[in-house]
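A.B. asks: Encoded as structure tokens, here's the structure I'll be asking about.
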Amino acid sequence: MIRAGIIGSTGYAGGELVRILMGHKDTEIKWYGSRSYIDKKYADVYQNMFQIVDDICKDDNMEELADKVDVIFTATPQGFCASLLNETILSKTKVVDLSADFRIKDQRTYEQWYKIEHKSPQFLDEAVYGLCEINREKIKGARIVANPGCYPTCSILSVYPLAKEGIIDMNTLIIDAKSGTSGAGRGAKVDNLYCEVNENIKAYGVAGHRHTPEIEEQLTYASGVPTVLNFTPHLVPMNRGILVTGYASLKKEVSYEEVKAIYDAYYKKEQFVRVLEKDVCPQTKWVEGSNYVDVNFKIDPRTRRIIMMGAMDNLVKGAAGQAVQNMNLMFGLPENEGLNLVPMFP
């Protein structure tokens with residue numbers, strides 16, 4: 001059995017990690033870390049875990065935790081993991097970090113966008129960007145994996161095949177995205193109150209959202225072209241889900257069949273990426289509660305542009321599910337273990 005510890009287990013991503021790992025036959029959760037609820041029963045924080053989880057919440061002592069588990073999940077705010085990680089910890093256990101601390105390779109870029117000092121830049125080169133469909137082999141040998149952000153996961157997987165094949169002009173790429181409110185976390189914020197969110201939709205982080213450099217960096221690697229794009233997220237009144245719509249100019253005339261063949265070639269062996277049938281647009285309801293990403297595209301011959309679409313659950317494939325997928329790869333387990341979650345409907 002893999003012994004797992006979760007720091008930040010009472011946030012939304014941490015709670016989803018608990019839910020998924022409870023159904024993972026090869027993993028046992030040994031540590032429910034939560035600075036806000038130390039010594040409180042986990043099931044008192046999340047009543048859905050009544051008579052399922054009997055443990056109490058512990059602190060966020062990463063040094064102590066490293067002696068007790070095989071893998072640590074840090075579902076924590078930016079800066080936390082980087083402030084505590086050291087060689088001693090990595091010599092004892094593997095780490096899957098759900099924050100942005102190790103996603104961006106350039107320290108100055110990270111500090112510019114996140115407005116904090118990076119406390120352990122010595123691990124930036126070693127950390128593997130944990131988008132399993134792209135970095136699977138690197139993840140298998142990693143000690144530390146940077147779990148991708150929710151918006152970047154859906155954006156990159158929607159665009160990646162065409163960026164990699166040089167079909168689109170990367171300088172024209174625009175990504176528009178919508179997310180449910182769980183993406184903002186569990187903390188109390190006025191902007192996330194029911195009366196603020198219900199019957200409302202709003203853009204935020206316009207021309208400055210922190211996931212922008214992460215998307216740009218990964219699509220630069222994919223295309224081989226320095227990529228600068230507009231990324232605009234929106235908050236919509238639903239609990240979970242992300243819908244991405246990307247727009248780019250085509251570099252040459254292509255048919256539906258040619259583009260479909262590209263997507264199929266990249267994703268036909270991927271269990272968790274589903275390329276939809278012609279003219280079927282992804283919907284968040286079709287992936288809710290699952291680790292699936294649904295993608296599709298539409299060619300607009302009038303404007304010589306292509307529209308790339310993706311939908312996924314921000315808490316599963318966008319956070320906890322992908323973290324478990326990474327753990328499975330790191331420990332040589334079947335990649336889908338614990339993740340065969342059928343989407344909920346309605």
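The values are calculated or read from the model by the stated rules, or taken from the named source; none is laboratory data. Given the structure is predicted, the values throughout are model-derived calculations rather than measurements. Here the Cβ positions follow ideal geometry from the backbone for every residue, glycine too, while neighbour counts run over all protein chains shown.
A.B. asks: If you check GLY33, GLY11, which single one turns out to be touching a helix residue (DSSP H, G or I) at 6+ places or on another chain (Cβ under 8 Å), buried (at least 19 other Cβ atoms within 10 Å of the Cβ), of a type in the set (Gly, Ala, Ser) and outside the structural domain of ALA184 (by TED's automatic domain parsing)?
C.D. replies: GLY33
A.B. asks: Pick from ASP169, ASP176: which is over 15 Å from ILE242 (Cα atoms), touching a residue at least 24 places away in the same chain (Cβ under 8 Å) and either among the acidic types (Asp, Glu) or out of contact with any Ser or Thr (no Cβ under 9 Å at 6 or more places or on another chain) (or both)?
C.D. replies: Step by step, each of ASP169, ASP176 is checked, and only ASP169 is over 15 Å from ILE242 (Cα atoms), touching a residue at least 24 places away in the same chain (Cβ under 8 Å) and either among the acidic types (Asp, Glu) or out of contact with any Ser or Thr (no Cβ under 9 Å at 6 or more places or on another chain) (or both).
A.B. asks: Quick one: which strands (runs of 3 or more DSSP E) lie wholly within the range 177-276 and hold at least 2 residues that are of a type in the set (A, V, I, L, M)?
C.D. replies: Working: elements: 230-235, 242-249, 273-275.
In the range 177-276, 242-249, 273-275 are the strands (runs of 3 or more DSSP E) which contain 2 or more residues that are of a type in the set (A, V, I, L, M).
A.B. asks: Here's a follow-up. Considering only the range 267-291, how many residues are on the phi < 0 side of the Ramachandran plot and touching an Asp or Glu at 6+ places or on another chain (Cβ under 8 Å)? Don't jump to the end; show me each part of the working.
C.D. replies: First pass over the range 267-291, keeping only residues on the phi < 0 side of the Ramachandran plot: 267-278, 280-288, 290-291.
Next, only the ones that are touching an Asp or Glu at 6+ places or on another chain (Cβ under 8 Å) stay: 267, 270-276, 282-284, 286-288, 290-291.
Of the residues in the range 267-291, 16 are on the phi < 0 side of the Ramachandran plot and touching an Asp or Glu at 6+ places or on another chain (Cβ under 8 Å).
A.B. asks: Further question on the same structure: Anything in the range 300-344 that is surrounded by 17 or more Cβ atoms within 10 Å (Cβ to Cβ), of a type in the set (D, E, K, R) and farther than 13 Å from PHE272 by Cα? List them, or say none.
C.D. replies: ARG305
A.B. asks: Where the second residue is not in a loop (DSSP other than H, G, I, E, B) and the first is at positive phi and lies in the range 62-85, which pairs have Cβ atoms under 9 Å and are six or more apart or on separate chains?
C.D. replies: GLY79/TYR114
A.B. asks: Assess whether GLU270 counts as being buried (at least 19 other Cβ atoms within 10 Å of the Cβ) and under 21 Å from the mean Cα position of the chain (by Cα).
C.D. replies: no
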